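Down below is the structure, laid out as structure tokens.
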Amino acid sequence: MLFFSFFKSLAGKTVVVELKNDLSICGTLHSVDQFLNIKLADITVTNPEKHPHMLSVKNAFIRGSVVRYMQLPADDVDTQLLQDACRKEAQAIK
Amino acid sequence: MSEQPGAGDVVTAASIVEQPLDLIRLSLEERVYVKLRHEREIRGRLHAYDQHLNMILSDVEETHTQVDVDEETYEELYRTSRRNIPMLFVRGDGVILVSPPVRAT
């Protein structure tokens, strides 16, 4: 549940989601669920729109399993907190 | 399995390496090399991971290797493209292996 909690803390931030079909979508993270499905608002396709244009699409629900990467705003990530939570989670799983 | 701290007891639960995932724990906050599917590699500083190998890394360099094959000569041309990303979440289902960075010999 570590990343679920982490993404909840990032709600409202701008992220770039790179999907497994090589489409990159920039948007505001609206919400996330336990499967790391995400909802993005006010999306734009970042890479030169050679990839499927979604000009008329404003909001998107993205299935977690099709995500390859998410580029996050470095300033909004507390790495120390993440590491501490990660260590706790690693122990809890045992 | 829980460790009860006692007088003179130096070993803590956090330092015991039992499962393969514990090896990754040793690399937290260190630079790591991650091999991904589809001829992609990543080097970055590891900040978090879970049992699915979802990860958060910072100061990431991604290397993507592609092969072009010439139609006539069947010559293989390998191209690599790189990019840098300050903070990246990687979904675990694309991960093949995680390792300390390969040292140049």
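Some observations on this one:
- Between A:S65 and A:L81, the simple label model (points 7 Å from Cα in the Cβ direction) yields a spacing of 3.1 nm.
- Most simply put, region B:20-66 has about 100% antiparallel DSSP beta bridges, counting only bridges with both residues inside it.
- Here the residues A:C86, A:C26, ranked from fewest to most Cβ neighbours within 10 Å of their Cβ, fall in the order A:C26, A:C86.
- Ranked for footprinting exposure by Cβ neighbours inside 10 Å, fewest first, A:I43, A:I93, A:I38 give A:I93, A:I43, A:I38.
- Within 10 Å of each Cβ in A:23-36, the average number of Cβ atoms from other chains: 0
- Net charge in the neighbourhood of A:M70 (other residues with Cβ under 12 Å of its Cβ; Lys, Arg +1, Asp, Glu -1) is +2.
- Crossing angle, helix A:79-93 versus chain A [Cα axis fit, 0-90 degrees, rounded to tens]: 60 degrees
- Estimated from the Cβ-Cβ distance and a Förster radius of 30 angstrom, the FRET efficiency linking B:R43 and B:E72 is about 0.25.
- Pairwise label distance in nanometres, B:L97 with A:T46, each label 7 Å out on the Cα-Cβ vector: 2.9 nm
- Ordered by the number of other Cβ atoms lying within 10 Å of each residue's own Cβ, fewest first, A:F6, A:F35 fall into the sequence A:F35, A:F6.
- Counted charge near B:L28, where neighbours are those whose Cβ lies closer than 13 Å (Asp, Glu -1; Lys, Arg +1): -1
- Three-way shape call for the protein assembly as shown based on the alpha-carbon gyration tensor, with the a/c threshold at 1.5: oblate
Every number in this text was worked out from the coordinates using simple rules, so none of it is lab data. Every value quoted in this text rests on a predicted model; they were computed, and no experiment measured them. Here the Cβ is made from the backbone with ideal geometry for all residues, glycine too, and neighbour counts use every protein chain on show.
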